[in-house]
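K.L.:
What follows is a single structure, and I will ask about it in a moment.
The values are calculated or read from the model by the stated rules, or taken from the named source; none is laboratory data. Keep in mind the model is a prediction, meaning the values are calculated, not measured. No Cβ is skipped: glycine too gets one built from the backbone with ideal geometry, and neighbour counts run over all protein chains shown. We work out accessible area using only protein heavy atoms, side chains counted, and drop any ligands, DNA or RNA first. Shrake-Rupley method; radii C 1.70, N 1.55, O 1.52, S 1.80 Å.
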Amino acid sequence: MSKYKKWLAAGAVMLSAGLFAACSSSQSQVKSGYKPSVKLSQTYDNPNKTSSTYNNGTLKVAEFNNSPFAGITDPVLQSNAEDQDMFDPGGNDQLFFVNSKNEIVNGGLANLSLDKKAKTATVTVRNNAKWSNGMPVTAKDVEYAYEVLGNKNSNSQQFSPDMQDIQGMAAYHAGKASSISGITMPKGPKGKVAVLHFTTFAPSLKYSGNSVMWDSVEPYEYEKNVPIAKLSSSNQVRKNPIFTGPYKLSKMVDGESTSWVPNKYYFGKKPQIQHINIQVVSEDDFAASLKSKKFDFPITNGQSSEYPNVKNLSDYTIVGKEGTGYDYFGFNLGHLDTKTQTSVMDPNAKMGNVKLRQAMMYALDQGALVKKFDYGMGWFPNTLISPYFKQYYNSKTPYYKYNMSKAEKLLDQAGYKKHGKWRTQPNGKPLTINFGAMQATSSQTAEYNYYLQQWHKLGLNVQYAGGKPMEMNKFYDTLEKPKQSQMDIFAGAFGVNAEPTPTGIYGADASFNMGHFVTKKNTQLMDNMNNDKAWNNSYRVKQFKDWQTYMAQQAAYVPTSMTMNWTPVNHRVKGYSVASDDNEFWSNLALTASNPK
């Protein structure tokens, strides 16, 4: 299964005393909802024997989502986790294998060699690497992924500003060059070697999912006659995609399901199961569909609110590990300059006052909310970096702990005075704040209503953008506009890569920076994470920790919950693991019965 594409010392940013509230002992953090209480194994060890008869059946996988999947098969062009899930058996065209530390190792579709002195990364594609239509994987396929990523007309949200460390990428991304000078193919486009030349050589290059180097290939020969601007709507991506992973697509019902059969050209371990079906299912049917044994496991992470309903199912075992992604609040602080493709903060933005943002966070008892609805599977985080990243996570960054009196005081200080029921802007004009949220489960909707209730208690006239939670695709279509005024604060979720450098989410050029938060300090701290000094690990760790505290202070993006990545696995499944170094997830799976038990 693909790994998702997801810090305080001396000299750190100093905050005024008492601005945040810290939480103390580990036990009190669990009781307060600041740490998970459930512990899980990363594997399900099925002792039963498999057979060719069972494996000739169909593995039944659920994608729990309230929206149809968009149908973008190309990892470069995908903008949500649902598409990635639906096409995951195809391997997401990933280049590299990793070890338990998420470090890139040999053995995958390609090997990687780093030369710090020369500032180069050499990608060598294995000789027997082929696409699912039998075409060879080439050096041009490695290079072409960057052409699509960096092309200003591709609309790829996966492009990271850090990729401009590749020589010539900045000029190409700006439309000033027709090719990327810093990617060479010494044995020709049809060879197996691509060399990336960098201006800055980042220590994150050692890890899969880093923000500097893309880790999938793009089938150039198959797509070369399609203009990059039209690639996302092409038959090559939408109707007849090809893959490099263990399975190939056999059928797709738009928005509803995908079906898979083994890819005979796969370079790696031969898949054991002959048929896979992935079906989109309403989130409200999570527990019922498992109780009725319709599915072997969900490819989506379990909803924490559903944990009590499935934890005691006799024919399923729950496996999982600490998650790297998070739910968050974002504030609309500016717009995207379409000429430079960079975010710009508006000094007159409605939500531009940091005390307003902080006050809205203090008005929420997020710890109690997580404890109530996540049943020990989730926790209220203090930073935008998960504790999964042990060396980079800053446990000392204080929380936005519930304090309504502090929230009121901050608004009073900032000039948001009460006139009747509602507070007004400092200039005396009425203040209406539009809250953007996605259609979700009943428990998530209850959380949204709680937010409105608390903000109303604070005297802020906050209402749903559009009058109610939005369908997911409409929500993101709105947020992704260069400039929008429909949402002032929004509730979203980010998946985070196995290497946590946040530039791809919060950089000035990052498409995912949909709140358009940009400051010199933010840019500098993120740049410091991968500069030449960052090869000294203690220096790099400090930059991560300083960044977390700075972002907490700014309250432009505030995490609301993190959860365990957990999955109920039916007892007919053998070989299931969520370990980071399970590079052959789909090929390792087998069946020990004809149907889910």
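K.L.:
For the chain, what does -39500 (n - 2.57) per DSSP helix run (n ≥ 4), summed and divided by total residues, give at 222 nm, in deg cm²/dmol to the nearest 500?
P.N.:
Result for the chain, helices only: -6000 deg cm²/dmol.
K.L.:
Bin width 5 Å, alpha-carbon pairs only: give the P(r) of segment 65-124 as whole percents, running from 0 to the bin holding the largest distance.
P.N.:
All Cα pairs, binned at 5 Å, distribute as 4, 16, 18, 16, 18, 13, 9, 5, 2, 1 percent.
K.L.:
Now for a different question. Just to be sure I understand the model, the point goes 7 Å from the Cα along the line to the Cβ. What's the resulting Lys224 to Asp477 distance in nm?
P.N.:
Taking the two extended label points, one gets 3.6 nm.
K.L.:
Run the quick spin-label model on Ser594 and Lys417: label points 7 Å from Cα toward the beta carbon, then report their separation in nm to one decimal.
P.N.:
Taking the simple label geometry, Ser594 and Lys417 are separated by 7.8 nm.
K.L.:
Is there a pair in Lys192/Lys248; Lys192/Lys390; Lys406/Lys520; Lys251/Lys294; Lys339/Lys457 whose C-alpha atoms are over 30 Å apart, and which pairs would that be?
P.N.:
Checking Cα-Cα distances, Lys192/Lys390; Lys339/Lys457 exceed 30 Å.
K.L.:
Determine, at each q value in 0.12 (inverse angstroms), the log₁₀ of I(q)/I(0) that the Debye formula gives when each Cα of segment 110-231 is one equal point scatterer.
P.N.:
Those come out to -0.41, one per q.
K.L.:
If one computes the Cα centroid of segment 280-351 and of segment 164-228, what distance in Å separates the two points?
P.N.:
Measuring centre to centre over Cα atoms gives 31 Å.
K.L.:
Below 18 Å, Cα to Cα, which aspartates and glutamates can Lys311 reach? Residues fewer than 8 away in the same chain don't count.
P.N.:
List returned: Asp45, Glu283, Asp284, Asp285, Asp296, Glu322, Asp374.
K.L.:
Residues with amide H under 5 Å of Asn66's amide H, sequence separation 5 or more or different chain, H placed in the peptide plane at 1.01 Å from N; which?
P.N.:
It is Glu283, by chain and number.
K.L.:
Just for the Cα atoms in segment 105-182, what are the lengths along the principal axes, largest first, rounded to whole Å?
P.N.:
Over segment 105-182, Cα extents along the principal axes are 36, 36, 20 Å.
K.L.:
Which trypsin sites (Lys or Arg not before Pro) in segment 337-388 sit in a loop by DSSP (not H, G, I, E or B) and have at most 12 other Cβ atoms within 10 Å of their own Cβ?
P.N.:
Sparse-neighbourhood loop trypsin sites (Lys or Arg not before Pro): Lys339.
K.L.:
Could I ask something else about it? Taking square-rooted eigenvalues a ≥ b ≥ c of the alpha carbon gyration tensor, is the chain rounded, prolate or oblate, where a/c under 1.5 means rounded and, failing that, a/b exceeding b/c means prolate?
P.N.:
Verdict is oblate for the chain.
K.L.:
Can you list the residues, at least 5 places off or on another chain, whose amide H is less than 5 Å from the amide H of Ser41, using H built in the peptide plane?
P.N.:
Hits under the 5 Å cutoff: Gly320.
K.L.:
Let me ask you something else. Tell me the per residue accessible area of segment 446-578 using a 1.4 Å probe; a whole number in Å² is fine.
P.N.:
For segment 446-578, the per-residue accessible area is 32 Å².
K.L.:
Once the cut-off is 19 Å, how many percent of the Cα-Cα pairs in segment 475-597 end up in the long-distance tail?
P.N.:
63 percent
K.L.:
Would you mind counting up the charge near Met551? Only other residues with Cβ under 13 Å from its Cβ, with Lys and Arg at +1 and Asp and Glu at -1.
P.N.:
Values: positive: Arg357, Lys521, Lys545; negative: Asp546.
So the environment of Met551 carries a net charge of +2.
K.L.:
Here is a follow-up. Estimate the FRET efficiency between Leu313 and Thr58 by the formula 1/(1 + (r/R0)^6), using the beta-carbon distance for r and 22 Å for R0, to the nearest 0.05. Show your work: numbers first, answer last.
P.N.:
Numbers: r = 21 Å, r/R0 = 0.94.
About 0.60, to the nearest 0.05.
K.L.:
Using a Debye calculation, one point per C-alpha and no hydration shell, please list log10 I(q)/I(0) for segment 434-475 at q = 0.15, 0.27, 0.35 Å⁻¹ in order.
P.N.:
With one equal scatterer per Cα and no solvent, log10 I(q)/I(0) is -0.34, -0.93, -1.20.
K.L.:
A further question follows. Of the heavy-atom accessible surface of the chain (probe 1.4 angstrom), what whole percent is carbon and sulfur?
P.N.:
Roughly 48 percent of what the probe reaches on the chain is carbon or sulfur.
K.L.:
Sticking with this structure for a sec: For the pairs Lys60/Lys321; Lys35/Lys321; Lys270/Lys574; Lys291/Lys597, flag any whose C-alpha to C-alpha distance is greater than 18 Å.
P.N.:
Beyond 18 Å: Lys60/Lys321.
K.L.:
A follow-up question, please. I need the calculated FRET efficiency for the pair Ser442 and Lys293, taking r as the beta carbon distance and R₀ as 22 Å, to the nearest 0.05.
P.N.:
Numbers: r = 23 Å, r/R0 = 1.07.
Efficiency computed from Cβ-Cβ geometry: 0.40.
K.L.:
Enumerate the calculated ³J(HN,Hα) couplings along segment 78-84 in order (Karplus 6.51 cos²θ - 1.76 cosθ + 1.60, θ = phi - 60°), each rounded to whole Hz, writing x wherever the residue is Gly or Pro.
P.N.:
Coupling constants for segment 78-84: 5, 10, 8, 5, 4, 4, 4 Hz.
K.L.:
So how compact is segment 554-597: Cα radius of gyration and Dmax in angstrom?
P.N.:
16.6, 55
K.L.:
Could you compute how fast segment 240-364 diffuses translationally, taking Rh as the Kirkwood radius over C-alpha pairs and applying Stokes-Einstein at 4 °C with viscosity 1.567 mPa s? Give it in µm² per second.
P.N.:
It comes out at roughly 66 µm²/s.
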